[in-house]
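Presented below is the structure to which this report refers.
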Amino acid sequence: MTANLKSSLYKAVFILSSVLFFSCAQRPPVLFPEGDHVFGLASFIELESGETTLVLNDYFHSSALTGIDSVEVHPSLRARLSDDKTLLFITPRNLNVPQLSEVKVWVDGVPYSLVARKSVREEYTFYFDPMGNRYRSVAIEGEMNDWMPQPMTLVNGKWQITMSLNPGRYQYLLNVNGATMTDPNNPVKVSNNAGGYNSLLEIGSRNRDQEPRAYAIQVYRNLVDIQLVNDPEHVLVLWQNFKLPQANLERNGNHLRITLPGDARKKERSFLRVFIAGEDAMGNDLLIPLHRGRPVREPVLLTREDREATIMYFLMVDRFRNGNPHRDDPVDDPEVAPRANFHGGDLDGVLEKILDGYFSDLGVNAVWFSPISQNPLEAYIEFPEPKRKYTGYHGYWPITLTTIDHRFGDDEVLEQLVQSAHKRDISVLLDFVSNHVHKNNPLIIENPHWATMLDLPDGRQNIRIWDEHRLTTWFDDFLPSLDFSQPEVLQTMVDSAFYWIDRFNLDGFRHDATKHVPLEFWRALTRKLKEEKMFEENFRLFQIGETFGSHDLISSYIGSGLLDGKFDFNLYWDARAVFALDDEPFERLDYSLHQSFSYYGFQNLMGNITGNHDMPRFISYAGGDLSFEEDDTEAGWERDIDVGDPVGYDKLKSLTAFIMTIPGVPVIYYGDEIGIPGANDPDSRRPMIFENLTPNQQATKDNLKKLTRLRSSNMAFVYGDFNILKVTDEVYAYARSYFENRTIVVFNKGSRERSVLIDLPTWYRGVDYKNHFNASFEVNANRLEVTLPGNSFEVFTF
C-alpha cells in the first residue's frame, strides 16, 4: 500500500470518526454550585509515607476556613482537621494507598477536589568500604541533602547511612576526616563544571516506555477526546477544582471522552485538567485552557494572564539602556573598577525600548528587571577574597523598601513604563529583595534586633554559610539578613512587597534568594496578594523565585500558597554542559528533564533560562574562550573573555531552541539574544548592545525571534504533551501535541552533518509537516528522515 493511499485512508477514518464524535455533542448542564473559595488551580498534594500536613489557607480564602464542613479521602487514608480548621492531617491506614487519589474538601456545601499523589520515596542504604583505611569520621554530602554533610555509622567494617530518597541521580562527595573526596568505591563520576568531579549515585530505575500517557487528540464543542497509552489504572479529571462526575467521562479501552460542564460557559477562562497514574508511577498531566466553555485552540485567544504562555526577558536596569543621562550619578571612588560601578542604565531606557518595539519585535511578552529600590551612595568591600570594592549598581543592597533609586528613575517613569508595556500585552515583573537590607537602611538602624545573628557561638561569622545556616546567613557583613521569626519583620516585608504591586499595577515578582527566607513569609505574602489583589480584581499574578539547591528544596517553595515556579537551575546545569561540551551525551539532558517533570509536573511554570547575572555567559563556555576547569570569576578580571570559536553561536542557538520548545517558561537573559560573551559576575553584566551587530550576533537574534514566534503561534509548545522520539549521544528528538497541533524538534550536537531517522508515533503520521530552519527532510510512511548540519536543530510543525 502506498504512503498516499495510507494517508487517504487515515483521513477518511478520521473524518468518519469525527462525524460520529460530533453527533454526540449536546449542550452541557451546569454541575457545580457556585464556589469562589479558591483562587486559581489548586496544586497537587504529595502524600508522604507517614503523616502529611496541609496548610488549608494555601488553598482556601481565609474567610472560607470556618465554613469547612468535612473532608473525604480514599479508604486507605485517614483525614483529620485541626480544631481551628487551618490544618489538615492525612495519614495512611494501610499499604494500599493509590498512586493518584482525590482529597475532597466541603466548604459551605461546595465540594472542592484536591489532587493527591503518593510519594515514591524509598529507603536507600548507602555503604562506603574504607578498604582497610581507618577514619575518625565519614559523612556524605550531595544533592540528596543539599550538600549538608550527614554523618555515617561504622558497622561491621563499613560506613553506612539510610536515607529516604526519590528515584533519580544524585551527585555527591564523601567527607572523610573533614576533607571531601570522590567515592573510591564508585567509578561513575561527572564534572561539577567548576574544575572538579563529583561521584554520581542513581536510585531506582524507570522504564518510561511502560509508563501511562495521555494525549488530547480531538475536540468538538463541549466534547474532548483523550488518547490513553499503557492502560492507566487511575484517571482523575477536573474542571477548575471540581472533579467531573463519572457521567461526564466515557472510557472505552484507551480512549477517554470528556463532556465539559456547562459551568465553563460562564467563565472567560477556565481549565480542564487530566491526571493519570499506573500502579506505581504517575503519568503525564494535561492542562487544557477553556474560553467560554470551549477548548482554546488558537493562540490569539491567550492573554498575558495565561502565564503558561509567558516568554520572559530579564534585564539589569543599570546595564540595559541609558535613557536619561541627567540621572547619572556613579560612585566617585578610585578603588571601584568601572565594571563594578553604575553605568547609567535607567527605567527611562527600558521605557524607550518598550516604545520603540524592541521587546515586541523580539517576541517576548514579559519583562523582569533587577531591583530598583534606593541603594547606597557609597561603595563597599565584599567579604570574600580578594576583597574588591563594589557599588550597588545591581540594586540588591536596599537602603529603602518603597522608594525608587534616583539613578534609575522615579514613580512617574515607572507608571509610564508599566502602562506602555500593558498596552503592548507585555507583563512587568519586579525583582524583590526580602532576605536582607543594607546596614544603612533605617529599618535596621531603628530595629537592630530585627537582624539574624552575625557572630556564631563557634566563633565564625555567619556570612555566606549558604547551607548550614540557610535561613540566617548574611550575604556580607554590611547586608544584615532579616529575622522572619519576628512577626513585625514578616509583616513589614509583606507590606513592602505588596506596595509595589498595588501602587504600580505590576504583574508579579521575581524573588531573590528564596531559599534563605522561611516558608512563613512566602505564605503570608502570597495570601495577601491573593486575598487583597487577585481575588478582588480577578487577576492572576505571577511569582517566580531563585533557589540554587536540590529538587526537593526547590519544590518545597512551589504550590498554591507559595510561589508559582522557580528557575530550574538543575536542568540548566545539565543543558549547559550538554550543549556546550562535545563529549556530554544527550542522555544526561533527557534524564534531567524527566527528573524535573517528576517533581514539578509536565505542565509547570518553572523558569528555563539561557543564563543569568550570577553565572558566566553560556556562549563563552560553548565557544571555548572560558573553560569549565578555571575560576570563572577571576578569569573575567584577568583577561578579556570573548566567544572563542564561532561555533559558540550555533550552540547558543540550540540551547535557546531547547528552552523555547519544552514545558515551562523560557527566560532570556539580556544579551543572550545576540551572544554577548563574559565570565562570571560582574563580567556577565556587560552593557547591552543594540546597534552595529556583527553577522553572527544578528543571526543569533534572528534565530531567537523565529523561535519566539513559533512558540507563540503553536499551542503545542505552551500546553502540549511531551513525547521522546530519539536519544543518542549526539541526537535528541521529541514531539509535542495539542489536539490537531503537532510539533517535532530534532537536535544534532555533533560537529558533522548527519542524517537522522525517526520512527513516528501513530498520532504523528500521515500529515504534512513544515520545517522552519531549512534542514532537508522527507517523510515516508511511519518515518521522518532529516539531514542536520553539525550543532544545529530543526523544528517541524503541523
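In this structure, the pairs whose alpha-carbon distance is over 18 Å, taken from 726/749; 653/749; 423/566; 515/566; 726/770; 439/566, are 423/566; 726/770; 439/566. The ellipsoid that matches the Cα gyration tensor of the range 364-522 has semi-axes, each √(5λ) in whole angstrom, of 29, 17, 14, with the longest given first. Take the Kirkwood radius over Cα pairs of the range 321-369, plug it into Stokes-Einstein at 10 °C and 1.306 mPa s, and you get 128 µm²/s for translational diffusion. Restricting the GluC sites (Glu not before Pro) of the range 282-348 to loop positions (DSSP other than H, G, I, E, B) with no more than 16 neighbouring Cβ atoms within 10 Å leaves 305, 335. Scattering from the range 215-291 was approximated by placing one identical point on each alpha carbon and applying the Debye formula without solvent; log10 I(q)/I(0) at 0.16 1/Å stands at -0.55. Once the gyration tensor of the Cα atoms in the range 154-252 is diagonalised, the equivalent ellipsoid follows with semi-axes of 48, 16, 13 Å, ordered largest first. Taking a span of 24 Å or more along the helix axis (Cα atoms) and a mean Kyte-Doolittle hydropathy of at least -0.5 as the rule, the DSSP H helices of the chain that qualify are 3-23, 487-504.
Please name which of 767, 656, 433 has its Cα lying farthest along the dipole of the chain towards the positive end, using unit charges on Cβ (Lys, Arg +1; Asp, Glu -1) and the Cα centre as origin. Farthest towards the positive end: 767.
Using θ = phi - 60° in the Karplus curve 6.51 cos²θ - 1.76 cosθ + 1.60, the 3J(HN,Hα) couplings for the range 189-194 round to 9, 10, 5, 8, 6, 9 Hz; x is entered for Gly and Pro. Scanning residues 5 or more positions from residue 463 or on other chains, those with amide H under 5 Å from its amide H are 474, with H placed 1.01 Å from N in the peptide plane.
The packing ranking, built from the mean of other Cβ atoms within 10 Å per residue, places the peptides 680-686, 127-133, 703-709 in the order 680-686, 703-709, 127-133, highest first. Annotation for residue 520 and residue 91: the two label points, set 7 Å from Cα along the Cα-Cβ direction, are 2.6 nm apart.
Please compute the volume of the convex hull spanned by the alpha-carbon atoms of the range 142-195 and report it per residue in Å³. Intermediate values should be presented prior to the final figure.
On the way: hull volume 6.4 nm³, N = 54.
Hull volume normalised by residue count: 118 Å³.
By definition, a body whose alpha carbon gyration tensor gives a ≥ b ≥ c is prolate when a/c is 1.5 or more and a/b is larger than b/c, and the range 587-658 fits this prolate description.
Sparsely packed loop sites in the range 381-459 (the trypsin sites (Lys or Arg not before Pro) outside DSSP H, G, I, E and B with at most 12 other Cβ atoms within 10 Å) comprise 387.
Whenever you get a sec, line up 751, 737 from highest to lowest accessible area (probe 1.4 Å, protein heavy atoms).
Working: 751 100, 737 5 Å².
The ranking, largest first, comes out as 751, 737.
Hey, can you rank 497-509, 738-750 by average C-beta count inside 10 Å, highest first? List each step's numbers first, then the result.
Values: 497-509: 18.3, 738-750: 22.7.
Highest-to-lowest ranking by the protection proxy: 738-750, 497-509.
What does the C-alpha gyration tensor say about the overall shape of the range 550-692? Classify as rounded when a/c is under 1.5, otherwise prolate if a/b is larger than b/c, or oblate. Walk me through the intermediate numbers first.
Working: a/c = 1.88, a/b = 1.65, b/c = 1.13.
Taking the square roots of the gyration eigenvalues as a ≥ b ≥ c, the range 550-692 is prolate.
In angstrom, the C-alpha Rg and Dmax of the chain are 26.7, 84.
Our coupling estimate for the range 384-396, obtained by passing each phi through the Karplus curve with A = 6.51, B = -1.76, C = 1.60 and θ = phi - 60°, is x, 4, x, 6, 7, 9, 10, 9, x, 4, 7, x, 8 Hz, Gly and Pro reported as x. Ranking of 122, 536, 233 by solvent-accessible surface, largest first: 536, 233, 122 (1.4 Å probe, protein heavy atoms only, all chains present).
How big, in percent, is the set of alpha carbon pairs in the range 22-142 lying more than 22 Å apart?
Numbers: 3730 of 7260 pairs.
Pairs farther apart than 22 Å: 51 percent.
Here the Karplus curve 6.51 cos²θ - 1.76 cosθ + 1.60, taken at θ = phi - 60°, turns the phi angles of the range 80-90 into couplings of 9, 8, 5, 4, 8, 6, 8, 10, 10, 10, 10 Hz, with x standing for Gly and Pro.
The convex hull built on the alpha-carbon positions of the range 65-104 has an orientation-averaged projected area of 2.9 nm². Evaluating kT/(6 pi eta Rh) at 10 °C and 1.306 mPa s, with the Kirkwood radius of the range 26-83 over Cα pairs in the Stokes-Einstein relation, gives 113 µm² s⁻¹.
Just so you know, the Rg over Rh for the range 223-365 is 1.26, from Cα atoms, with Rh as the Kirkwood radius.
Would you mind computing Rg(Cα) / (2.2 N^0.38 Å) for the range 721-798, counting N as its residues?
On the way: Rg = 11.6 Å, N = 78, 2.2 N^0.38 = 11.5 Å.
Ratio of Cα Rg to 2.2 N^0.38 Å: 1.01.
For the range 616-756, the alpha carbon positions stretch 53, 32, 26 Å along the principal axes, listed from largest to smallest.
Return the calculated 222 nm mean residue ellipticity for the chain, to the nearest 500 deg cm²/dmol, obtained by summing -39500 (n - 2.57) across DSSP H runs with n ≥ 4 and dividing by the residue count.
Values: 16 runs with 167 residues, N = 798.
Taken over the chain, the calculation gives -6000 deg cm²/dmol.
Dipole size of the range 456-511 about its Cα centre, with +1 on Lys/Arg Cβ and -1 on Asp/Glu Cβ: approximately 120 debye, rounded to the nearest 20.
The values are calculated or read from the model by the stated rules, or taken from the named source; none is laboratory data. It should be emphasised that the depicted structure is a prediction, and the values quoted were computed from it without experimental measurement. Positions of Cβ are backbone-derived with ideal geometry, glycine not excepted, and every protein chain shown enters the neighbour counts. Heavy atoms of the whole protein, side chains included, go into the accessibility calculation; ligands, DNA and RNA do not. Shrake-Rupley method; radii C 1.70, N 1.55, O 1.52, S 1.80 Å.
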